[in-house]
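Chemist: Quick one: the structure is below, and I'll ask about it shortly.
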Amino acid sequence: MKNTFFTLYCVLFMSSVGSSQILKVSKLIVDQETKLPLENVSISNDVDNSSTNHEGFFIFNSSTNEINFKLLGYNSIKSIFDAIAKKDTIFMESKAFILDEVLVSNVEPFMKKVYDKMSENFIKEYTANFFLRSVLKSEDSITILQDIQGKRSKNDNSKNPYDIEVLNMRKTSMFEKKNAIDFTLPDFNQFFSPPMPVREKTNFKEVIYNDATFRKIVFEGKEKSAWGQTVKGYFIINKNDYAIVEHFISLYDQPDLIPYIKFTLSNTQYKTTSYERFTIYGKDEILNKYYLKSSKLNTQLKVLRNKKDIKPVYVDFAMDYFITNTITNDKVESNFPVDRDIFKAKFPYLANFWDNQNQLPLTTDLRFFLKKVSLNKDKKKEFEIIGNF
(Lines give C-alpha, C1' and ligand atoms only; values in the text may rest on other atoms or scores of the structure.)
Protein backbone atom coordinates (compact mmCIF):
# COMPACT_ATOMS: atom_id res chain seq x y z
CA MET A 1 0.00 0.00 0.00
CA LYS A 2 1.40 3.36 -0.93
CA ASN A 3 2.10 5.75 1.91
CA THR A 4 0.54 8.56 -0.01
CA PHE A 5 -2.73 10.33 0.57
CA PHE A 6 -4.58 10.56 -2.71
CA THR A 7 -7.08 13.32 -3.35
CA LEU A 8 -9.56 12.00 -5.84
CA TYR A 9 -12.62 13.40 -7.44
CA CYS A 10 -16.06 12.06 -6.59
CA VAL A 11 -18.91 11.42 -8.94
CA LEU A 12 -22.55 10.94 -8.23
CA PHE A 13 -25.19 10.86 -10.87
CA MET A 14 -28.27 8.96 -11.85
CA SER A 15 -29.40 7.67 -15.21
CA SER A 16 -32.57 5.98 -16.27
CA VAL A 17 -32.40 2.38 -17.43
CA GLY A 18 -35.87 1.17 -18.22
CA SER A 19 -37.95 1.93 -15.16
CA SER A 20 -35.06 1.77 -12.64
CA GLN A 21 -32.45 4.29 -11.65
CA ILE A 22 -28.76 3.39 -11.56
CA LEU A 23 -26.96 5.15 -8.72
CA LYS A 24 -23.21 5.66 -9.08
CA VAL A 25 -20.59 6.92 -6.67
CA SER A 26 -16.79 6.98 -6.51
CA LYS A 27 -14.78 7.79 -3.40
CA LEU A 28 -11.57 7.26 -1.48
CA ILE A 29 -11.54 5.19 1.73
CA VAL A 30 -8.81 5.68 4.32
CA ASP A 31 -7.97 4.59 7.85
CA GLN A 32 -9.42 7.12 10.28
CA GLU A 33 -6.23 7.31 12.37
CA THR A 34 -3.39 6.90 9.87
CA LYS A 35 -5.19 8.48 6.89
CA LEU A 36 -3.64 5.78 4.66
CA PRO A 37 -5.74 4.31 1.82
CA LEU A 38 -7.51 1.04 2.64
CA GLU A 39 -7.37 -1.78 0.11
CA ASN A 40 -9.89 -4.66 -0.16
CA VAL A 41 -12.76 -2.80 1.51
CA SER A 42 -15.99 -4.53 0.47
CA ILE A 43 -18.65 -2.16 -0.89
CA SER A 44 -21.97 -3.92 -1.33
CA ASN A 45 -25.70 -4.22 -0.85
CA ASP A 46 -28.13 -7.08 -1.44
CA VAL A 47 -27.60 -6.88 -5.21
CA ASP A 48 -24.14 -5.55 -6.11
CA ASN A 49 -20.51 -5.78 -4.99
CA SER A 50 -17.30 -3.85 -5.48
CA SER A 51 -14.05 -3.27 -3.59
CA THR A 52 -11.28 -0.71 -3.17
CA ASN A 53 -8.04 -0.99 -5.12
CA HIS A 54 -4.56 -0.51 -3.64
CA GLU A 55 -5.03 3.26 -3.84
CA GLY A 56 -8.15 3.01 -1.62
CA PHE A 57 -10.35 4.07 -4.52
CA PHE A 58 -13.64 2.46 -5.55
CA ILE A 59 -16.52 2.97 -7.95
CA PHE A 60 -19.89 1.47 -7.09
CA ASN A 61 -23.15 1.45 -9.03
CA SER A 62 -26.47 -0.11 -8.09
CA SER A 63 -30.21 0.21 -8.52
CA THR A 64 -30.56 -0.16 -4.73
CA ASN A 65 -30.08 2.95 -2.60
CA GLU A 66 -27.95 1.28 0.03
CA ILE A 67 -24.17 1.04 0.51
CA ASN A 68 -22.38 -1.11 3.08
CA PHE A 69 -18.65 -0.81 3.75
CA LYS A 70 -16.92 -3.78 5.40
CA LEU A 71 -13.33 -4.66 6.15
CA LEU A 72 -12.21 -7.21 8.72
CA GLY A 73 -10.80 -5.46 11.78
CA TYR A 74 -12.80 -2.27 11.11
CA ASN A 75 -16.23 -1.05 12.16
CA SER A 76 -18.69 -1.49 9.30
CA ILE A 77 -20.53 1.47 7.78
CA LYS A 78 -24.10 1.33 6.49
CA SER A 79 -25.30 4.27 4.43
CA ILE A 80 -27.08 5.48 1.27
CA PHE A 81 -25.82 7.12 -1.92
CA ASP A 82 -26.89 10.67 -1.04
CA ALA A 83 -25.04 10.58 2.28
CA ILE A 84 -21.86 9.18 0.75
CA ALA A 85 -21.94 11.78 -2.04
CA LYS A 86 -21.64 14.58 0.53
CA LYS A 87 -18.36 13.19 1.90
CA ASP A 88 -14.99 14.12 0.44
CA THR A 89 -13.39 10.97 1.86
CA ILE A 90 -14.73 7.96 3.76
CA PHE A 91 -12.95 7.23 7.04
CA MET A 92 -13.13 3.75 8.56
CA GLU A 93 -12.40 3.21 12.24
CA SER A 94 -10.27 0.29 13.33
CA LYS A 95 -11.81 -1.88 16.03
CA ALA A 96 -10.16 -1.76 19.43
CA PHE A 97 -8.06 -4.73 20.55
CA ILE A 98 -9.43 -6.71 23.48
CA LEU A 99 -6.53 -6.51 25.94
CA ASP A 100 -7.75 -9.25 28.27
CA GLU A 101 -8.63 -11.71 25.49
CA VAL A 102 -7.59 -15.27 26.32
CA LEU A 103 -5.61 -16.95 23.54
CA VAL A 104 -5.66 -20.73 23.29
CA SER A 105 -2.16 -22.23 23.29
CA ASN A 106 -3.22 -25.48 21.60
CA VAL A 107 -5.29 -24.62 18.54
CA GLU A 108 -4.88 -28.01 16.85
CA PRO A 109 -8.38 -29.27 17.87
CA PHE A 110 -9.91 -26.02 16.61
CA MET A 111 -8.03 -26.22 13.29
CA LYS A 112 -9.02 -29.86 12.85
CA LYS A 113 -12.64 -28.80 13.07
CA VAL A 114 -12.01 -25.96 10.59
CA TYR A 115 -10.54 -28.40 8.06
CA ASP A 116 -13.24 -31.01 8.70
CA LYS A 117 -16.00 -28.45 8.07
CA MET A 118 -14.33 -26.85 5.04
CA SER A 119 -16.33 -28.81 2.49
CA GLU A 120 -19.57 -28.26 4.41
CA ASN A 121 -19.01 -24.51 4.82
CA PHE A 122 -18.59 -23.68 1.13
CA ILE A 123 -21.30 -23.57 -1.54
CA LYS A 124 -20.72 -26.37 -4.01
CA GLU A 125 -22.58 -24.92 -7.00
CA TYR A 126 -23.15 -21.29 -8.00
CA THR A 127 -22.48 -18.63 -10.66
CA ALA A 128 -20.87 -15.23 -10.17
CA ASN A 129 -20.18 -12.25 -12.41
CA PHE A 130 -16.59 -11.13 -12.07
CA PHE A 131 -13.79 -8.82 -13.09
CA LEU A 132 -10.22 -10.08 -13.40
CA ARG A 133 -7.25 -7.78 -13.86
CA SER A 134 -3.81 -9.13 -14.78
CA VAL A 135 -0.73 -6.91 -14.81
CA LEU A 136 2.87 -7.84 -15.60
CA LYS A 137 5.76 -5.53 -14.81
CA SER A 138 9.41 -5.75 -15.83
CA GLU A 139 11.76 -3.70 -13.66
CA ASP A 140 8.72 -1.85 -12.24
CA SER A 141 7.49 -0.85 -15.73
CA ILE A 142 4.16 -2.29 -16.86
CA THR A 143 4.42 -4.45 -19.98
CA ILE A 144 1.08 -6.31 -19.94
CA LEU A 145 -2.44 -5.26 -18.95
CA GLN A 146 -5.47 -7.49 -19.35
CA ASP A 147 -8.96 -6.86 -17.95
CA ILE A 148 -11.69 -9.48 -18.25
CA GLN A 149 -15.36 -9.18 -17.34
CA GLY A 150 -17.33 -12.40 -17.38
CA LYS A 151 -19.21 -15.16 -15.63
CA ARG A 152 -17.76 -18.04 -13.65
CA SER A 153 -19.68 -21.13 -12.65
CA LYS A 154 -18.52 -23.47 -9.90
CA ASN A 155 -19.75 -27.05 -9.57
CA ASP A 156 -17.84 -29.33 -7.22
CA ASN A 157 -19.92 -32.30 -8.36
CA SER A 158 -18.91 -31.96 -12.00
CA LYS A 159 -15.92 -33.43 -13.82
CA ASN A 160 -15.15 -29.84 -14.85
CA PRO A 161 -15.53 -27.79 -11.64
CA TYR A 162 -15.19 -24.40 -13.39
CA ASP A 163 -16.66 -22.86 -16.53
CA ILE A 164 -15.77 -19.39 -17.79
CA GLU A 165 -17.77 -17.15 -20.09
CA VAL A 166 -15.80 -14.08 -21.17
CA LEU A 167 -18.21 -11.22 -21.84
CA ASN A 168 -15.79 -8.34 -22.34
CA MET A 169 -12.02 -8.02 -22.54
CA ARG A 170 -9.37 -5.39 -23.08
CA LYS A 171 -5.71 -6.28 -23.29
CA THR A 172 -2.46 -4.79 -24.47
CA SER A 173 1.22 -5.52 -24.09
CA MET A 174 4.34 -3.60 -25.04
CA PHE A 175 7.87 -4.97 -25.00
CA GLU A 176 11.13 -3.55 -26.25
CA LYS A 177 12.11 -6.13 -28.87
CA LYS A 178 15.73 -6.25 -27.73
CA ASN A 179 14.65 -7.06 -24.15
CA ALA A 180 11.56 -9.19 -24.79
CA ILE A 181 11.02 -12.22 -22.53
CA ASP A 182 8.45 -14.81 -23.52
CA PHE A 183 6.20 -15.72 -20.60
CA THR A 184 3.31 -18.11 -20.19
CA LEU A 185 0.71 -16.60 -17.87
CA PRO A 186 -1.46 -18.70 -15.51
CA ASP A 187 -4.73 -20.27 -16.62
CA PHE A 188 -8.06 -20.13 -14.78
CA ASN A 189 -7.58 -23.60 -13.29
CA GLN A 190 -4.30 -22.54 -11.71
CA PHE A 191 -5.73 -19.27 -10.44
CA PHE A 192 -8.80 -20.87 -8.86
CA SER A 193 -6.72 -23.58 -7.16
CA PRO A 194 -4.68 -21.63 -4.59
CA PRO A 195 -2.30 -23.57 -2.32
CA MET A 196 -3.63 -24.61 1.08
CA PRO A 197 -1.39 -25.81 3.93
CA VAL A 198 -1.66 -29.51 4.82
CA ARG A 199 -2.96 -29.53 8.40
CA GLU A 200 -0.83 -32.45 9.59
CA LYS A 201 2.34 -30.80 8.25
CA THR A 202 1.65 -27.33 9.65
CA ASN A 203 2.10 -25.57 12.98
CA PHE A 204 -0.72 -23.23 14.02
CA LYS A 205 -0.72 -20.41 16.56
CA GLU A 206 -3.45 -17.98 17.60
CA VAL A 207 -2.56 -14.29 17.78
CA ILE A 208 -4.55 -11.38 19.15
CA TYR A 209 -7.12 -9.96 16.74
CA ASN A 210 -9.31 -6.88 17.05
CA ASP A 211 -12.65 -8.54 16.30
CA ALA A 212 -14.30 -10.80 18.88
CA THR A 213 -16.31 -12.68 16.22
CA PHE A 214 -13.18 -14.09 14.60
CA ARG A 215 -9.92 -15.80 15.45
CA LYS A 216 -6.65 -15.08 13.67
CA ILE A 217 -4.49 -18.15 13.26
CA VAL A 218 -0.98 -17.82 11.85
CA PHE A 219 0.65 -20.90 10.40
CA GLU A 220 4.06 -22.17 9.34
CA GLY A 221 5.12 -25.41 7.70
CA LYS A 222 6.80 -27.94 10.01
CA GLU A 223 9.33 -28.87 7.35
CA LYS A 224 11.11 -27.01 4.58
CA SER A 225 10.39 -27.77 0.94
CA ALA A 226 12.92 -29.42 -1.36
CA TRP A 227 14.18 -25.92 -2.20
CA GLY A 228 14.56 -24.96 1.47
CA GLN A 229 11.40 -22.83 1.67
CA THR A 230 8.92 -22.60 4.54
CA VAL A 231 5.23 -21.99 3.84
CA LYS A 232 3.81 -19.21 6.01
CA GLY A 233 0.52 -17.32 6.30
CA TYR A 234 -2.64 -16.81 8.31
CA PHE A 235 -6.36 -17.57 8.48
CA ILE A 236 -9.17 -15.36 9.78
CA ILE A 237 -11.84 -17.78 11.00
CA ASN A 238 -15.43 -17.24 12.14
CA LYS A 239 -15.68 -18.56 15.70
CA ASN A 240 -19.32 -19.55 15.33
CA ASP A 241 -19.22 -21.79 12.24
CA TYR A 242 -15.47 -22.48 11.84
CA ALA A 243 -15.48 -20.98 8.36
CA ILE A 244 -12.39 -19.37 6.82
CA VAL A 245 -13.28 -15.81 5.80
CA GLU A 246 -9.79 -14.60 4.91
CA HIS A 247 -6.67 -16.46 3.90
CA PHE A 248 -3.09 -15.40 3.15
CA ILE A 249 -0.25 -17.72 2.14
CA SER A 250 3.36 -17.15 1.11
CA LEU A 251 5.37 -20.02 -0.39
CA TYR A 252 8.89 -18.57 -0.37
CA ASP A 253 10.87 -17.16 2.56
CA GLN A 254 14.48 -17.71 1.39
CA PRO A 255 14.55 -16.96 -2.35
CA ASP A 256 18.35 -17.11 -2.58
CA LEU A 257 18.14 -20.88 -2.10
CA ILE A 258 15.88 -21.42 -5.11
CA PRO A 259 17.69 -22.72 -8.21
CA TYR A 260 17.32 -21.22 -11.67
CA ILE A 261 15.23 -23.03 -14.28
CA LYS A 262 16.10 -22.82 -17.96
CA PHE A 263 13.49 -21.75 -20.50
CA THR A 264 12.85 -24.36 -23.19
CA LEU A 265 14.80 -23.64 -26.42
CA SER A 266 16.43 -20.58 -24.89
CA ASN A 267 19.42 -19.52 -22.79
CA THR A 268 17.13 -17.52 -20.52
CA GLN A 269 16.95 -18.72 -16.91
CA TYR A 270 14.50 -17.76 -14.20
CA LYS A 271 13.47 -18.54 -10.65
CA THR A 272 10.40 -17.63 -8.63
CA THR A 273 11.43 -15.49 -5.65
CA SER A 274 7.99 -14.64 -4.30
CA TYR A 275 4.51 -16.17 -4.43
CA GLU A 276 1.66 -14.75 -2.35
CA ARG A 277 -2.08 -15.37 -2.39
CA PHE A 278 -4.71 -13.33 -0.56
CA THR A 279 -8.33 -14.53 -0.58
CA ILE A 280 -11.60 -13.29 0.91
CA TYR A 281 -14.75 -15.41 1.19
CA GLY A 282 -18.25 -13.93 1.38
CA LYS A 283 -21.26 -15.44 3.11
CA ASP A 284 -24.64 -16.06 1.52
CA GLU A 285 -27.08 -15.28 4.33
CA ILE A 286 -29.86 -17.42 2.83
CA LEU A 287 -27.79 -20.56 2.32
CA ASN A 288 -25.66 -19.77 5.38
CA LYS A 289 -22.59 -20.88 3.43
CA TYR A 290 -19.55 -19.23 1.86
CA TYR A 291 -18.22 -18.51 -1.65
CA LEU A 292 -15.12 -16.96 -3.24
CA LYS A 293 -15.56 -13.20 -3.16
CA SER A 294 -12.12 -11.92 -4.14
CA SER A 295 -8.64 -13.26 -4.67
CA LYS A 296 -5.25 -11.74 -5.42
CA LEU A 297 -2.07 -13.35 -6.71
CA ASN A 298 1.31 -11.61 -6.49
CA THR A 299 4.43 -13.33 -7.73
CA GLN A 300 7.94 -12.28 -8.70
CA LEU A 301 10.50 -13.86 -11.02
CA LYS A 302 14.23 -13.24 -11.16
CA VAL A 303 15.41 -13.60 -14.77
CA LEU A 304 18.81 -13.94 -16.45
CA ARG A 305 18.33 -13.36 -20.18
CA ASN A 306 21.51 -15.21 -21.19
CA LYS A 307 24.68 -16.77 -19.79
CA LYS A 308 26.56 -13.45 -19.96
CA ASP A 309 24.00 -11.58 -17.87
CA ILE A 310 25.23 -10.67 -14.40
CA LYS A 311 22.44 -8.29 -13.45
CA PRO A 312 19.06 -10.05 -13.24
CA VAL A 313 15.75 -8.64 -14.42
CA TYR A 314 12.92 -8.69 -11.89
CA VAL A 315 9.48 -9.46 -13.29
CA ASP A 316 6.35 -8.96 -11.16
CA PHE A 317 2.98 -10.45 -12.03
CA ALA A 318 -0.33 -9.71 -10.30
CA MET A 319 -3.90 -10.98 -10.75
CA ASP A 320 -6.86 -9.36 -9.01
CA TYR A 321 -10.28 -11.10 -9.09
CA PHE A 322 -13.52 -9.91 -7.52
CA ILE A 323 -17.19 -10.62 -8.06
CA THR A 324 -19.64 -7.84 -8.91
CA ASN A 325 -23.00 -9.18 -7.79
CA THR A 326 -24.63 -11.63 -5.45
CA ILE A 327 -24.23 -15.25 -6.51
CA THR A 328 -26.87 -16.83 -8.75
CA ASN A 329 -27.73 -20.08 -10.51
CA ASP A 330 -27.46 -18.53 -13.99
CA LYS A 331 -26.19 -20.74 -16.77
CA VAL A 332 -22.70 -20.05 -18.09
CA GLU A 333 -22.02 -20.42 -21.81
CA SER A 334 -18.39 -21.51 -21.68
CA ASN A 335 -16.32 -19.81 -24.40
CA PHE A 336 -12.72 -20.05 -23.14
CA PRO A 337 -10.78 -23.13 -21.91
CA VAL A 338 -9.94 -22.97 -18.21
CA ASP A 339 -6.58 -24.66 -18.84
CA ARG A 340 -5.29 -22.12 -21.38
CA ASP A 341 -2.93 -19.17 -20.83
CA ILE A 342 -5.30 -16.29 -20.01
CA PHE A 343 -3.46 -13.80 -22.23
CA LYS A 344 -4.10 -16.09 -25.23
CA ALA A 345 -7.80 -15.15 -25.05
CA LYS A 346 -9.05 -13.47 -28.23
CA PHE A 347 -12.20 -11.39 -27.86
CA PRO A 348 -13.10 -8.05 -29.45
CA TYR A 349 -12.74 -4.80 -27.58
CA LEU A 350 -16.11 -3.12 -27.02
CA ALA A 351 -15.42 0.56 -26.41
CA ASN A 352 -18.96 1.29 -25.24
CA PHE A 353 -18.64 -1.20 -22.40
CA TRP A 354 -15.20 -0.14 -21.18
CA ASP A 355 -15.95 3.56 -21.49
CA ASN A 356 -19.03 3.17 -19.29
CA GLN A 357 -18.19 0.37 -16.82
CA ASN A 358 -17.59 1.71 -13.34
CA GLN A 359 -16.25 -1.14 -11.23
CA LEU A 360 -12.70 -1.61 -12.51
CA PRO A 361 -11.08 1.83 -12.52
CA LEU A 362 -7.64 2.38 -14.01
CA THR A 363 -4.96 3.25 -11.47
CA THR A 364 -2.49 6.06 -12.03
CA ASP A 365 0.29 3.75 -13.25
CA LEU A 366 -2.08 1.93 -15.64
CA ARG A 367 -3.19 5.22 -17.20
CA PHE A 368 0.46 6.11 -17.69
CA PHE A 369 1.11 2.71 -19.34
CA LEU A 370 -1.79 3.07 -21.78
CA LYS A 371 -0.59 6.56 -22.72
CA LYS A 372 2.89 5.14 -23.30
CA VAL A 373 1.48 2.41 -25.57
CA SER A 374 -0.47 5.00 -27.55
CA LEU A 375 2.61 7.18 -28.05
CA ASN A 376 4.75 4.25 -29.26
CA LYS A 377 2.23 2.22 -31.25
CA ASP A 378 3.85 3.16 -34.59
CA LYS A 379 7.42 2.36 -33.51
CA LYS A 380 7.26 -1.23 -34.74
CA LYS A 381 11.03 -1.63 -35.07
CA GLU A 382 11.68 -0.93 -31.39
CA PHE A 383 8.52 -2.32 -29.78
CA GLU A 384 6.31 -5.37 -30.04
CA ILE A 385 2.75 -4.33 -29.21
CA ILE A 386 -0.12 -6.84 -28.96
CA GLY A 387 -3.65 -5.91 -28.01
CA ASN A 388 -7.31 -5.70 -28.90
CA PHE A 389 -7.71 -1.94 -28.54
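Chemist: Any idea which of (1) surrounded by 20 or more Cβ atoms within 10 Å (Cβ to Cβ); (2) at pLDDT below 95; (3) more than 22 Å from the chain's Cα centre (by Cα) is the one Val114 doesn't satisfy?
Modeler: It is condition (2) that Val114 fails.
Chemist: Take residues that are of a type in the set (Phe, Trp, Tyr) and under 20 Å from the mean Cα position of the chain (by Cα) and tell me which of the strands (runs of 3 or more DSSP E) falling wholly in segment 273-389 contain 3 or more.
Modeler: Where strands (runs of 3 or more DSSP E) fall fully within segment 273-389 and carry at least 3 residues being of a type in the set (Phe, Trp, Tyr) and under 20 Å from the mean Cα position of the chain (by Cα), they are 313-323.
Chemist: How many residues are polar (S, T, N, Q), open to solvent by 20 Å² or more (accessible area, probe 1.4 Å) and under 17 Å from Trp354 (Cα atoms) if we restrict to segment 144-167?
Modeler: Residues in segment 144-167 being polar (S, T, N, Q), open to solvent by 20 Å² or more (accessible area, probe 1.4 Å) and under 17 Å from Trp354 (Cα atoms): 1 in total.
Chemist: Residues to consider are Phe343, Phe383, Phe369, Phe347; find the one that is open to solvent by less than 100 Å² (accessible area, probe 1.4 Å) and either without any contact (Cβ under 8 Å) to a residue 40 or more places away in the chain or farther than 15 Å from Thr143 by Cβ (or both).
Modeler: The conditions single out Phe347.
Chemist: Report, by residue number, each residue of segment 216-240 that is open to solvent by 30 Å² or more (accessible area, probe 1.4 Å) and either more than 24 Å from the chain's Cα centre (by Cα) or closer than 23 Å to Ser119 by Cβ (or both).
Modeler: Here is the first cut: in segment 216-240, the residues open to solvent by 30 Å² or more (accessible area, probe 1.4 Å) are 216, 218, 220, 222-227, 231-232, 234, 239-240.
Scanning segment 216-240 gives Lys216, Lys222, Glu223, Lys224, Ser225, Ala226, Trp227, Val231, Tyr234, Lys239, Asn240.
Chemist: Restricting attention to segment 114-173, and to residues there that are touching a helix residue (DSSP H, G or I) at 6+ places or on another chain (Cβ under 9 Å) and among the small types (Gly, Ala, Ser), which single residue is nearest to Leu292 (Cα to Cα)?
Modeler: The qualifying residue nearest to Leu292 (Cα to Cα) is Ser134.
Chemist: Against the definition (assigned to a loop (DSSP other than H, G, I, E, B) and modelled with pLDDT under 95), how does Ser105 come out, yes or no?
Modeler: In short, yes.
Chemist: Let me ask you something else. Any residue at all in segment 198-215 that's surrounded by 15 or more Cβ atoms within 10 Å (Cβ to Cβ), touching a strand residue (DSSP E or B) at 6+ places or on another chain (Cβ under 8 Å) and among the aliphatic types (A, V, I, L, M)?
Modeler: no
Chemist: Quick one: how many residues across segment 151-180 are of a type in the set (Asp, Glu), at pLDDT 85 or above and assigned to a strand (DSSP E or B)?
Modeler: 2
Chemist: Ok, one more. Filter segment 259-283 down to residues that are buried (at least 16 other Cβ atoms within 10 Å of the Cβ) and of a type in the set (D, E, K, R) and give me whichever is nearest to Ser295 (Cα to Cα).
Modeler: Filtering segment 259-283 for residues that are buried (at least 16 other Cβ atoms within 10 Å of the Cβ) and of a type in the set (D, E, K, R), the one nearest to Ser295 (Cα to Cα) comes out as Arg277.
Chemist: While we're looking at this one, here's another question. Only one residue in Ile29, Ile90, Ile77 is under 23 Å from Asn129 (Cβ atoms) and under 24 Å from the mean Cα position of the chain (by Cα), so which one is that?
Modeler: Details: Ile90 fails: under 23 Å from Asn129 (Cβ atoms); Ile77 fails: under 23 Å from Asn129 (Cβ atoms).
Residue meeting the stated conditions: Ile29.
Chemist: For Tyr126, indicate whether it is modelled with pLDDT of 95 or more and part of a helix (DSSP H, G or I).
Modeler: Details: modelled with pLDDT of 95 or more: yes; part of a helix (DSSP H, G or I): no.
Spelling it out, it is not the case that Tyr126 is modelled with pLDDT of 95 or more and part of a helix (DSSP H, G or I).
Chemist: Further question on the same structure: What number of residues within segment 298-333 satisfy the criterion of being touching a residue at least 12 places away in the same chain (Cβ under 8 Å) and either at positive phi or open to solvent by less than 70 Å² (accessible area, probe 1.4 Å) (or both)?
Modeler: The first filter runs over segment 298-333 and keeps only residues touching a residue at least 12 places away in the same chain (Cβ under 8 Å), leaving 298-307, 313-333.
Pick out the ones that are also either at positive phi or open to solvent by less than 70 Å² (accessible area, probe 1.4 Å) (or both) and you get 299-306, 313, 315-328, 332.
Of the residues in segment 298-333, 24 are touching a residue at least 12 places away in the same chain (Cβ under 8 Å) and either at positive phi or open to solvent by less than 70 Å² (accessible area, probe 1.4 Å) (or both).
Chemist: Within the bounds of segment 277-294, is there any residue that is of a type outside the set (D, E, K, R), under 20 Å from Asp140 (Cα atoms) and touching a Ser or Thr at 6+ places or on another chain (Cβ under 8 Å)?
Modeler: The answer is no; no qualifying residue exists.
Chemist: Then there is this: Under 6 Å by Cβ, and 6 or more places apart or on different chains, what pairs join a residue from segment 260-282 that is closer than 25 Å to Leu304 by Cα and touching a residue at least 24 places away in the same chain (Cβ under 8 Å) with one that is small (Gly, Ala, Ser) and open to solvent by less than 70 Å² (accessible area, probe 1.4 Å)?
Modeler: Close Cβ pairs (under 6 Å, with a partner that is small (Gly, Ala, Ser) and open to solvent by less than 70 Å² (accessible area, probe 1.4 Å)) amount to Glu276/Ser250.
Chemist: Now a separate question. When segment 83-94 is examined, which residues are found to be in contact (Cβ under 8 Å) with a residue 40 or more places away in the chain and open to solvent by 60 Å² or more (accessible area, probe 1.4 Å)?
Modeler: Correct list: Lys87, Asp88, Phe91, Glu93.
The values are calculated or read from the model by the stated rules, or taken from the named source; none is laboratory data. Every value quoted in this text rests on a predicted model; they were computed, and no experiment measured them. We place every Cβ from the backbone using ideal geometry, glycine too, and count neighbours over all the protein chains shown. To get the accessible areas, we keep the full protein, side chains included, count just its heavy atoms, and leave off ligands, DNA and RNA. Shrake-Rupley method; radii C 1.70, N 1.55, O 1.52, S 1.80 Å.
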